[in-house]
Amino acid sequence: MKPGIITLTTDFGQIGPYVAAMKGILLGLAPGAALVDVCHSIAPQNVLEGSFVLAGIVDAFPAGTVHLVVVDPGVGTDRKLIAVKAADQWFVLPDNGVITGVSRGHPSQGVWEITNPNLARREISPTFHGRDILAPAAAHLIKGGDPAELGAAVSRFITLRNFEPTPTENGCIGEVIFKDTFGNLITNIKEEHLTGRAAKDWVAEIAGQRVEGIVRTYGDRPTGSLVALLGSGGWVEVAVVNGDAGRVLSAGPGTTVWLRTAN
């Protein structure tokens, strides 16, 4: 049977041999696999950003897809490498919290630590586990290999706290977890937190600015307006109509956002 889809998400950027080296390993071990580049411009070592990107793609791919993720500031240390099954797909990645965005909406169907040296490359660089350990593990899974051959099953993995806003009496306190290429500031506040009140009754406060109401789409306000809306992934985001909210507000990942009902 022809191998299926392997996606790649890294913080490697587009310069240098790193992405191509991993693809070479994958194609050598799983000829015919369809390789999909999700994103290689994750900010260096930004596990939270990588986790957000994964959360945004999981529902778009079919069962059996293998997602190879290398955002690994702890490469070469004693941090674990794991394979997680969720949503009938595989996630092969460091155990550093990058799985958090997926695991919030998709319960784990099994977790295995990747430790079997027989599935890794013969020579392993302490600074390139993506090529030497994770890529061979991804190829093993896409070919229908038994996950138990990767290593022992484990019962837990690391998760990030940033994906959960803090409830308050009349709303919640969240934070920006991603700034997209348009400068839109995507928060960790989801549609489920906007219950009990109409969209017009909510107020977002960020970087000293107050945004009245949750609009349906960017064009609902004039150009240059600061707006809050539910983006395509179901997260509340703050944007400037036909502009760059990150630049206007001097804000980005980690910026606090208060969402409360209007007084």
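The values are calculated or read from the model by the stated rules, or taken from the named source; none is laboratory data. Just so you know, these numbers come straight off a predicted model, no measurement behind them. Glycine gets a Cβ as well: all are built from the backbone with ideal geometry, and neighbour counts include every protein chain shown.
Against the definition (of a type in the set (D, E, K, R), more than 18 Å from residue 121 (Cβ to Cβ), touching a residue at least 12 places away in the same chain (Cβ under 8 Å) and not assigned by TED's automatic domain parsing to the domain that holds residue 181), how does residue 37 come out, yes or no?
Numbers: of a type in the set (D, E, K, R): yes; more than 18 Å from residue 121 (Cβ to Cβ): yes; touching a residue at least 12 places away in the same chain (Cβ under 8 Å): yes; not assigned by TED's automatic domain parsing to the domain that holds residue 181: yes.
Spelling it out, residue 37 is indeed of a type in the set (D, E, K, R), more than 18 Å from residue 121 (Cβ to Cβ), touching a residue at least 12 places away in the same chain (Cβ under 8 Å) and not assigned by TED's automatic domain parsing to the domain that holds residue 181.
Looking only at segment 228-263, which residues are modelled with pLDDT of 95 or more, among the small types (Gly, Ala, Ser) and surrounded by fewer than 21 Cβ atoms within 10 Å (Cβ to Cβ)?
Selection gives 243, 250.
For segment 6-34, which residues satisfy the criterion of being β-branched (Val, Ile, Thr) and either assigned by TED's automatic domain parsing to the domain that holds residue 178 or surrounded by 18 or more Cβ atoms within 10 Å (Cβ to Cβ) (or both)?
First, pick out the residues of segment 6-34 that are β-branched (Val, Ile, Thr): 6-7, 9-10, 15, 19, 25.
Once the filter is applied, which keeps residues that are β-branched (Val, Ile, Thr) and either assigned by TED's automatic domain parsing to the domain that holds residue 178 or surrounded by 18 or more Cβ atoms within 10 Å (Cβ to Cβ) (or both), segment 6-34 yields 6, 7, 9, 10, 19, 25.
Check off (1) at pLDDT 95 or above; (2) farther than 16 Å from residue 150 by Cβ for residue 118 and give me the number that stays unchecked.
With (1) at pLDDT 95 or above; (2) farther than 16 Å from residue 150 by Cβ applied to residue 118, the lone miss is (2).
Take residues that are closer than 25 Å to residue 102 by Cα and tell me which of the strands (runs of 3 or more DSSP E) falling wholly in segment 138-246 contain 2 or more. Spell out how you get there, then give the answer.
Working: elements: 166-168, 171-179, 185-190, 202-206, 209-212, 226-230, 235-240.
The strands (runs of 3 or more DSSP E) meeting that bar are 166-168, 171-179, 185-190, 226-230, 235-240.
Look through segment 40-70, keep the residues that are crowded, with 19+ Cβ neighbours inside 10 Å and more than 10 Å from the chain's Cα centre (by Cα), and return whichever of them is farthest from residue 3 (Cα to Cα).
Only one residue tops the list, namely 70.
Would you check if there is a residue in segment 214-233 being in contact with a Phe, Trp or Tyr (Cβ under 6 Å, 6 or more places away or on another chain) and assigned by TED's automatic domain parsing to the domain that holds residue 173? Give the derivation first.
In the first step, residues of segment 214-233 are kept if they are in contact with a Phe, Trp or Tyr (Cβ under 6 Å, 6 or more places away or on another chain); the result is 214.
Now narrow it down to the ones that are assigned by TED's automatic domain parsing to the domain that holds residue 173: 214.
Yes, segment 214-233 contains a residue that is in contact with a Phe, Trp or Tyr (Cβ under 6 Å, 6 or more places away or on another chain) and assigned by TED's automatic domain parsing to the domain that holds residue 173.
Just checking, does segment 188-201 include any residue being among the polar types (S, T, N, Q), closer than 23 Å to residue 53 by Cβ and without any contact (Cβ under 8 Å) to a residue 40 or more places away in the chain? Explain how you work it out, then say what you get.
Looking only at segment 188-201, we keep the residues that are among the polar types (S, T, N, Q), and these are 188, 195.
From what's left, closer than 23 Å to residue 53 by Cβ: 188.
So of that shortlist, the ones also without any contact (Cβ under 8 Å) to a residue 40 or more places away in the chain come out as none.
Within segment 188-201, not a single residue is among the polar types (S, T, N, Q), closer than 23 Å to residue 53 by Cβ and without any contact (Cβ under 8 Å) to a residue 40 or more places away in the chain.
Taking the stated definitions as given, is residue 130 farther than 30 Å from residue 258 by Cα and surrounded by fewer than 20 Cβ atoms within 10 Å (Cβ to Cβ)?
no
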